[in-house]
Ligand code: GDP
Ligand code: IMO
Ligand code: MG
């Protein structure tokens, strides 16, 4: 009954797509459990590069069944265009399963996301503008539209009416926008019904039966721990739970079924959108990390904010997710620095603090306390085992492991599937 959760340990973009794809060949199911097409997961297979937003990264492994769980929010137009894009490139997507309980990102949710951000002005979150927050808000407000509603026209009509009732008041009276017509939305949604029908399934049953049959199931998180609505840097977060517990609610499996939780951890730190980021760099080192690491958003094309590794955050990720392993990515990007600063603690209002403060004000005041680790200049992209790494790179990894609270079981030394050093098996 091996059930693994694979999630981001920082603010997203840690390399989850690559890590999931790497495991895809040895797992039976890859399940997305939260988020939507705000995610941008890059997978490099040979000379082919794929950017996935909604589909689980396991879709690229022929033996693997990709599943979109109940906790995901689904924009049908994005899903269908992602499927046809992969089909055109010869990828078989016919095994995909889509939960009938997943909520649909409607056109009005996307509109509300955009106008809300505009209205917030300087206080904006810097969302991806994909309608994620408003769709989860509708879910919690019990006016959401689910995939299964596409198959009952009269229920769909009633639900869209209920959802637009208040929204149209807000759009017209507060934001000075035109009202959205119920009929038009219903017509557009009904158009997706037949196209999505082959994939719709009772995914909770499928996943639990698979676990009973001793199949290997991998739960792939979107975003990252610090973007979690409960455990992240609220309000500068996404509107779902990427942390490990989210896999249980977002896929319908009990916590007793989860055997391993793997945190994907970049060898430095990046963040997209607004919000606090203690180790952020505004100098040429930040520029160099961005350039060498190719740190540009896969979804919105925005430059990612870059900074040094933050061990306080890594320890926090270990705690809130119960991490059993880390997959350290992008170690190769750090090649060439004579010394590499690592944040080991914060200084907050003159006091040294070892753990992430729960108070938003304190976190905004946190200044990194750095320890300098010696760098390396040798090309490490061809390293196949830990002993192939130069001594200083080995020591950097060991130091991070010691500070972060869980074993580093794999190391990424390049974007490709085979550019990975496996130290402990994940299965
Ligand atoms: P995700 O959202 O967590 O899946 O990560 P993204 O795909 O948004 O960003 C990670 C980027 O780093 C992608 O361009 C990957 O191809 C790339 N990548 C992943 N692992 C490594 C690695 O070990 N080394 C290098 N150089 N690039 C990597
Ligand atoms: P992956 O899966 C990095 C950020 C946005 C914004 C905040 C809220 O590729 O790691 P949202 O549209 O979710 O309401 O935006 O969350 N964000 C991400 N940052 N990687 C992601 O996904 C992200 N998904 C959302 O930039 O700050
Ligand atoms: Mg990404």
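One table, with the values for the structure above:
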read-out	value
Contacts under 8 angstrom Cβ, first residue in region 182-193 being within 18 Å of residue 166 (Cβ to Cβ), partner outside any helix (DSSP H, G or I) and at pLDDT 95 or above, 6 or more apart	185/106
So residue 245, is it assigned by TED's automatic domain parsing to the domain that holds residue 325 and either over 22 Å from the mean Cα position of the chain (by Cα) or modelled with pLDDT of 95 or more (or both)	no
Condition met for residue 335 (touching a strand residue (DSSP E or B) at 6+ places or on another chain (Cβ under 7 Å), farther than 21 Å from residue 222 by Cα and surrounded by 13 or more Cβ atoms within 10 Å (Cβ to Cβ))	no
Elements of type strands (runs of 3 or more DSSP E) contained in region 265-364, each with 2 or more residues being closer than 19 Å to residue 14 by Cβ, more than 16 Å from ligand 3 (Cβ to nearest atom) and at pLDDT 95 or above	325-329, 339-348
Hits in region 142-190 - residues which are in a helix (DSSP H, G or I) and touching a strand residue (DSSP E or B) at 6+ places or on another chain (Cβ under 9 Å)	147, 148, 149, 150, 151, 159, 189
Residue satisfying condition, being modelled with pLDDT of 95 or more, surrounded by fewer than 17 Cβ atoms within 10 Å (Cβ to Cβ) and out of contact with any strand residue (DSSP E or B) (no Cβ under 7 Å at 6 or more places or on another chain), within set 422, 394	394
Any hit, region 337-345, residues being in contact (Cβ under 8 Å) with a residue 60 or more places away in the chain and within 20 Å of residue 410 (Cα to Cα)	yes
Condition check for residue 233: more than 16 Å from ligand 1 (Cβ to nearest atom) and out of contact with any helix residue (DSSP H, G or I) (no Cβ under 9 Å at 6 or more places or on another chain)	no
Qualifying residue in region 85-107 (condition: within 16 Å of ligand 3 (Cβ to nearest atom) and either on the phi < 0 side of the Ramachandran plot or assigned to a strand (DSSP E or B) (or both))	no
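The values are calculated or read from the model by the stated rules, or taken from the named source; none is laboratory data. Owing to the predicted nature of the structure, the values given are computational and were not obtained by experimental measurement. Neighbour counts run over all protein chains shown; Cβ positions are idealised from the backbone, glycine included.
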